[in-house]
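See below for the structure under consideration.
The values are calculated or read from the model by the stated rules, or taken from the named source; none is laboratory data. The shown structure was predicted, so the numbers you read here are calculated from the model rather than taken from an experiment. For neighbour counting, all protein chains shown are included, and Cβ atoms are generated from backbone atoms with ideal geometry for every residue, glycine included.
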């Protein structure tokens, strides 16, 4: 498999059935994490569970769900 860029300097690759995540500074690999298939499965379960949750809202959030007053004033800035 060819290494793919995920974003924020993080790359993913497959080596011998393991998922290999690396961070790179443009010159060299700065960190490497090798995830065995069981850990990849656990990560997938975590991401699925996370995607099913409502988005987090922070104190002072002014989105339409948290504060109808500010949303009605035309303020569409989101803090989350």
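Quick notes on this one:
- When the range 15-26 is limited to residues that are farther than 15 Å from residue 39 by Cα and not in a strand (DSSP E or B), the one that is modelled with the highest pLDDT turns out to be 25.
- Of the residues making up the range 7-39, those that are touching a strand residue (DSSP E or B) at 6+ places or on another chain (Cβ under 6 Å) and loosely packed, with under 10 Cβ neighbours inside 10 Å number 0.
- Any pair with Cβ under 7 angstrom, 6 or more apart, that starts in the range 4-15 at a residue that is on the phi > 0 side of the Ramachandran plot and ends at one that is surrounded by 13 or more Cβ atoms within 10 Å (Cβ to Cβ) and assigned to a strand (DSSP E or B): 9/23; 9/24
- Check on residue 12, in a helix (DSSP H, G or I) and at pLDDT 95 or above: no
- Options 42, 64, 71: the member that is surrounded by 10 or more Cβ atoms within 10 Å (Cβ to Cβ), modelled with pLDDT under 95 and part of a helix (DSSP H, G or I): 71
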